[in-house]
Amino acid sequence: MTPLPDIAAHEAWFKAWTAGYLTDDEQDNRYIELKRNHTMRVLDNARRIVGTLDMPEHVARTALLAALYHDVGRFPQYAQYRTFSDQRSVNHGILGCKTLRRLGVLNGGSRNETALCESRSTQANVLASVAMHNRFRVPSGISSALRAVTDVVRDSDKIDIFPVMIATFTRDGSENDVVTLHLEEKEGAWSPGILESLRERRLASYKDMRYVNDFKLLLGSWVFELNYAESRLMLRERGLVEALLATWPEHPDVVPMKDVVREALMRD
């Protein structure tokens, strides 16, 4: 299978750069650390997925770099707007792409470090993947290499968001609405459009969310969109889908959708 490239220089740069967003405010720091830790787990997920695939080494390197940098936009987003809601602020994928361009990190950064310099094709595909990773649909007509890179990032990202959100839903994590995107906490309430997406076995849209329960149901729809068997295996191994389903409302319209999600998770 694909050998895993060494991107340690980029990891060191990312950790140093994001440390610059830490302040004297404990609550702000909690959200910065949330995204820093999320990023490193997404990178670990990407390494595992890439390790099961037969892809050229330069594509594997691009996938790992895109995973590392996928949420770069979250840091200036939170610093300026104090939210992770794109609808309330800016598209964090596009902001991440602009931030990477401005910093020039893929081309050596401000110190022109050789260890950070990447080929033009790698730079272009990392930037494109960062810009697209949070889109509802990845555009058709892109190159097979960019498609593979973006699919790895999107799966790796989804896998890690499950435990972050489950901790929040079960109140083992933050109770602040920054994490739940300022959705209304109303017991037993959900939006019909979100549930309809589950019935039709398709990805639900953030735009249809109004309640915290909508977010719980939307996460279940992500199982339909996972690109790799290894991604589904990781969710099964970690028990994340069952933990999510346990947070769903016990309503006759909702309960049958649990088996719909379980069935999708078992696909090879």
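The values are calculated or read from the model by the stated rules, or taken from the named source; none is laboratory data. These numbers were taken from a predicted model, which means no experiment stands behind them. All Cβ positions, even for glycine, are placed from backbone atoms using ideal geometry, and neighbour counts span all protein chains on display. These accessible areas exclude ligands, DNA and RNA; they are computed on the full protein's heavy atoms, side chains included. Shrake-Rupley method; radii C 1.70, N 1.55, O 1.52, S 1.80 Å.
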Open item on the list: Quick check on the range 213-266: of everything there that is outside any helix (DSSP H, G or I) and of a type in the set (Ser, Thr, Tyr), which residue is farthest from Leu43 (Cα to Cα)?
Closed with: Thr247
Task: Neighbours by Cβ (under 7 Å, 6+ apart or cross-chain): first from the range 229-241, more than 14 Å from Val261 (Cα to Cα) and of a type in the set (A, V, I, L, M, F, W, C); second open to solvent by less than 20 Å² (accessible area, probe 1.4 Å) and assigned to a helix (DSSP H, G or I) - done: Met234/Asn45; Met234/Ile159
- [ ] Tell me which of these Val149 doesn't satisfy, since it passes every other one: (1) in a helix (DSSP H, G or I); (2) among the β-branched types (Val, Ile, Thr); (3) out of contact with any Cys (no Cβ under 6 Å at 6 or more places or on another chain); (4) within 21 Å of Leu219 (Cα to Cα).
- [x] (4)
Open item on the list: Give all pairs with beta carbons closer than 8 Å in which a residue from the range 118-139 that is free of Cβ contacts under 8 Å to residues at least 60 places away in the same chain meets a residue that is of a type in the set (Ser, Thr, Tyr) and surrounded by 19 or more Cβ atoms within 10 Å (Cβ to Cβ); count only pairs at least 6 apart in sequence or on separate chains.
Closed with: Ala128/Thr150; Met132/Thr150; Val138/Thr150
Task: Pairs with Cβ under 6 Å, 6+ apart, first in the range 48-75 and under 16 Å from Asp155 (Cα atoms), second among the acidic types (Asp, Glu) and surrounded by fewer than 22 Cβ atoms within 10 Å (Cβ to Cβ) - done: Ile49/Glu230; Thr52/Glu230
Task: Conditions (1) over 19 Å from Ala115 (Cα atoms); (2) surrounded by fewer than 16 Cβ atoms within 10 Å (Cβ to Cβ); number of the one not met by Ala16 - done: (1)
- [ ] Identify the single condition in (1) under 22 Å from the mean Cα position of the chain (by Cα); (2) within 27 Å of Leu64 (Cα to Cα); (3) not in a helix (DSSP H, G or I) that His182 does not satisfy, given that it satisfies every other one.
- [x] (2)
Task: Meets criteria (assigned to a loop (DSSP other than H, G, I, E, B) and aliphatic (A, V, I, L, M)) for Ala204 - done: yes
Open item on the list: I'd like to verify a number: residues in the range 77-96 that are open to solvent by 10 Å² or more (accessible area, probe 1.4 Å) and free of Cβ contacts under 8 Å to residues at least 40 places away in the same chain, how many?
Closed with: 6
- [ ] Please state which of the following conditions Ala189 fails to meet, knowing it meets all the rest: (1) more than 19 Å from Thr170 (Cα to Cα); (2) in a loop (DSSP other than H, G, I, E, B).
- [x] (1)
TODO: Evaluate the range 157-171: report whether one residue or more is more than 21 Å from the chain's Cα centre (by Cα), open to solvent by 20 Å² or more (accessible area, probe 1.4 Å), under 30 Å from Asp28 (Cβ atoms) and touching a residue at least 12 places away in the same chain (Cβ under 8 Å).
DONE: no
Open item on the list: Show me the helices (runs of 4 or more DSSP H) found entirely inside the range 17-129 where at least 3 residues are on the phi > 0 side of the Ramachandran plot and within 15 Å of the chain's Cα centre (by Cα).
Closed with: none
